[in-house]
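In what follows, a structure is listed as structure tokens, so that the remarks can point back to it.
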Amino acid sequence: MMPISQSVIKKDHLAKACGQAMYVADYDTTQMLQGLILRSPHAHAKILSMTYPPLPEGYFTVDYRDVPGINEVHIVKDDTPVYADATVEYIGDPIMMLVGPDERELERLLAQIEVNYELLPAIIDVRDGDTAFFDYHFGKGDMDQAWAEADQIFEECFETGYQEQAYLEPQGLIADYNQGKITVRGSMQCPYYVHGALAKALGLTPDKVRVIQDVTGGGFGGKEDYPSILACQVAVAAYKAKGQPVRVIFGRREDMEFTSKRHPSRCTYKAAVKNGRVTALDADVIFNAGAYTTLSAVVLQRGIIAASGVYDIPALKVHGAAIKTNTVPNGAYRGFGAPQTFFAVEMLMEHIANALDEEPLAFKLRHMVRQGSVTSTGGRYHFPVPLPAMVDEVRKMSDFEQKRQVYARQQTGTTRRGIGISLWFHGAGFTGSGERDIIKAVTRLHKLADGRVEILASQSDIGQGIKTTLCKIVANELNLPLDQVSYDNPDTDRVPDSGPTVASRSLMTVGELLRRAAIRLRSQWQEGVEQTVEEHFKEPDFVIPFYIDKFQGDAYPTYAWGVCAVEVAVDTLTGVNEITGTWASFDVGTPIDLNIVIGQMEGGLLQGLGYASMEQLAADQKGRIRNHSFSDYIIPTAMDVPLMKVQLHVEAYPDGPYGAKGAGELPLVGAAPAYMSALEQALAGPINHIPFSAEDALKLIRQSRRA
Amino acid sequence: MNQGIVFKLNGQPVSYTGSAADRLLDVLRQTYRLTGVKCGCNEGECGACSVLIDGHLANSCMVAMGRVENCEVTTIEGYSQTERFQVLEQAYAAVSAVQCGYCIPGMILASECVLARHPHPSETEIRLGLSGNLCRCTGYNAIVKAIQIAAEKGEGLW
Ligand code: FES
Ligand code: FES
């Protein structure tokens, strides 16, 4: 282990442990106004008129007419309105905000607002959708030839459901408009995304916009784009309040029902097989985008780039579409489109292997990419692919072969067991040329006269420990004790734009920039004076430029790798299954802090297992999400996966700090297929959708009995 | 004369003059400004609002003020002054069990309850004791480990 990997006490540990850390809801509210959002009860309707009740002194309304700039939230495309003007596009679409000092009074008044709607036809089921927000095609190799020469063709459709980020701290922001300047603070991943959105909606120059991240109680992607929307809404209210801050803190139900989630997907895969090898793959990937585009373009891109998984398949044809429906807009969630396609491709490989009567793992290993292989987009796996070694590690930890054989025998009794394994990657950092062309990250180090050094960057610590790891890197290069290097929650008035806290990029990309800045500072170090150094992103030379219009080139400079085995026991009377063990090996390059990385891996893995099973969320026929509380959207507790063993396999990445690469998202991405493969073995039947419930298990048991 | 609801808050006698129907969580956060008590759901499902009432773990969002009359209420602010907290806090630190931190005040109080009942807890006893407290970040392993470390290091304290 490298010395830098040795764990330290996290920078924010004590404040959080003793309850002193200030989250946005913790500020004194005596001088603040509260805001409550009126939302559409209809999935699609025209707003004909709105009638506001007489309001007591100190209360006021805020709607699209109050937006001083443009009534659009800047995300990727800017079709999300700050407040709905002509139509509402999903149940929950924000129409206006009622603002005033007392929350109960706000609730009472809000119920008196009358909105007249003309109902419009709504599209709830993605299969009925006729608008593709985004539609992409790419491929490689000779599909026709592969099809013509195939011994067998396999075709199957895979479906995945919603997943709610369920960060423990709900969304919340405070906005304050003073002397021509708007300040928004609160729970967020991307202060500069919020900054850009505010400038547009308020019609202010960037210097009149200030965004401050407060201690944030989890994000997982859920606080990537959503805070931009909420920020515009609260800021417009503050603009109208003239001098009094306005605060909006969501309750759990509002947060679960109306904020972005993981895109549900339908992936139809066709594979040509010749001589026991998959020679071609045709993947049709449909994501349910919801009512506005938000981040669907980029989520879909990452999803379809991973369409062929970790397999070297000579001919490939990929189509991806993000379809508009009149449901809550879906956005970023750890894994960002890849969990959907990895589920499809991993299950497909299992099913083909089963049909060919080959052990799925052996079948997968025969198809695996290696260093130098061509990626789905004609790029290269430039660095060693450590999967075979990682598979061996997981085999050993889990006693895989032995269990797999035992469970393959005819099982009797009420408890059936199974074990499965899955393999995956996660492209490290932004997809394609985003880092080079759009983000253009800048970081600074500010050395004080007394020799302490402050990091100036816009990364948010949302629990992943970036405050600690960035400081470790800088302290290490400058030979300073860790307490001499500090990193405060970003404030756009003070820090440059080093990019958003997304895509597992912070440590790999911004960490490396800071490492270089520290090296430079060290070479220029002068005792007793204040100094500043600045570092700009530069794409590594080896990268094959990526063109998004053609999906050609290196979509990612490098990859993090994952292998996971899951063992289950299913009660055939109830269909309920128990995870009796899960073992995983992850390669995220050099861990910059062993405990932190292990914590990320375990937390992400558990979210991935929840995604596959208990985390069930659905819109009903009207487009309403009804399970919007922790009593009916169930996330794993400490009892659910008591045996979870994670180990790291280190394949250092030369362009990441000390060999580190993207980490945060990886562990979630491929957990579901391992779990479902285990269930398939236990239930002796095929599974092609998640979340997979106890009722689904009972159905499968009945089916396999009949067969 | 109504002298309010009298109870002990973090060791200090206090009297709350608001309604007996008010929720303990709101009163702790707003009236007494004890914001270490978090709100994650407001309906008794997540444990972020955990406090100790006479030494028992309770979701303060589900407790009406009338219920705490003559009780001893301990929040993370009070508990963090104890020696037991120090042992737990250091154990959490040693395994970096604190990620976003939102569940942590509740988790630490849940840990206290586990150790108060089982000074030498089995892993199952620990997991059972934490099962009312959701954590979305850690996957729970580190928190379980922290309690095991605290049990060992805090020998005799519980
Ligand atoms: S806030 Fe009380 S249990 Fe969630
Ligand atoms: S540390 Fe984030 S919820 Fe537990």
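The values are calculated or read from the model by the stated rules, or taken from the named source; none is laboratory data. None of these values were measured; they are calculated from a predicted model. No Cβ is skipped: glycine too gets one built from the backbone with ideal geometry, and neighbour counts run over all protein chains shown. Just the protein is used for accessible areas: all its heavy atoms, side chains included, with ligands, DNA and RNA removed. Shrake-Rupley method; radii C 1.70, N 1.55, O 1.52, S 1.80 Å.
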task = Could you tell me whether the protein assembly as shown comes out rounded, prolate or oblate from its Cα gyration tensor? Rule is a ≥ b ≥ c as square roots of the eigenvalues, rounded for a/c under 1.5, then prolate if a/b exceeds b/c, otherwise oblate.
result = rounded
note = Sparse-neighbourhood loop hits (GluC sites (Glu not before Pro), region A:1-95; DSSP loop; Cβ within 10 Å at most 15 others) -> A:GLU57
task = State the Cα centre-to-centre distance between region A:630-646 and region A:55-71 in whole Å.
result = 43 Å
query = Out of residues 5 or more away from A:LEU33 or on other chains, whose amide H comes under 5 Å of its own, with H placed 1.01 Å from N in the peptide plane?
reply = A:VAL246, A:ARG247
Taking region A:307-440 and dividing mean pair separation by its residue count, relative contact order in percent (alpha carbons under 8 Å, at least six apart) = 26 percent
ask   = What lysines could a cross-link reach from A:LYS208, if we take a straight Cα to Cα line under 18 Å and drop same-chain neighbours fewer than 8 places away?
value = A:LYS181, A:LYS200, A:LYS240, A:LYS242
Rounded to 5, the percent of DSSP beta bridges in chain A classed as antiparallel = 75 percent
task = Within 10 Å of each Cβ in peptide A:5-18, how many partner chain Cβ atoms are there on average? Round it to a whole number, please.
result = 6
key: Over 25 Å (Cα to Cα) - which of A:LYS10/B:LYS8; A:LYS261/A:LYS396; A:LYS440/A:LYS661 fall in this group   = A:LYS10/B:LYS8; A:LYS261/A:LYS396
key: Cα-based shape type of chain B, given that a ≥ b ≥ c are square roots of the gyration tensor eigenvalues and the cut on a/c is 1.5   = prolate
message = Net charge around A:TYR269, counting only other residues with Cβ within less than 14 Å of its Cβ (Lys, Arg = +1; Asp, Glu = -1)?
response = -4
query = How would you rank A:610-617, A:211-218, highest first, on the average number of other Cβ atoms within 10 Å across their residues?
reply = A:211-218, A:610-617
Under 15 Å from the Cα of A:LYS622 - aspartates and glutamates, other chains or at least 8 residues apart = A:GLU89, A:ASP93, A:ASP125, A:ASP128, A:GLU257
message = What does the net charge come to around B:ALA93 if you take all other residues with beta carbon closer than 14 Å to its beta carbon, with K and R at +1 and D and E at -1?
response = +2
Eligible lysines near A:LYS140 by straight Cα distance, threshold 20 Å, same-chain separation 8 or greater = A:LYS270, A:LYS274, A:LYS317, A:LYS550
note = Under the Karplus relation with 6.51, -1.76 and 1.60 and θ = phi - 60°, whole-Hz ³J(HN,Hα) for region A:357-364, x at Gly and Pro, equal 6, 10, 4, x, 5, 5, 4, 5
Karplus (6.51, -1.76, 1.60) ³J(HN,Hα), θ = phi - 60°, over region A:66-75, in Hz, Gly and Pro reported as x = 8, 6, x, x, 9, 7, 9, 8, 6, 10
request  = Tell me the trypsin sites (Lys or Arg not before Pro) within region A:443-544 that lie in a loop according to DSSP and have at most 15 other beta-carbon atoms within 10 Å.
outcome  = A:ARG452, A:ARG494, A:LYS538
query = With springs only between Cα atoms under 10 Å, which of B:THR75, B:THR17, B:THR138 fluctuates most in a Gaussian network model of chain B?
reply = B:THR17
message = Using only DSSP helix segments of four residues or longer, with each worth -39500 (n - 2.57), what per-residue ellipticity at 222 nm results for the protein assembly as shown after dividing by its residue count and rounding to 500?
response = -8500 deg cm²/dmol
note = The alpha-carbon center of region A:175-192 and that of region A:90-108 are separated, in whole Å, by 20 Å
request  = Over region A:1-115, with every protein chain in place, what whole percent of the accessible area is carbon and sulfur at 1.4 Å, could you tell me?
outcome  = 53 percent
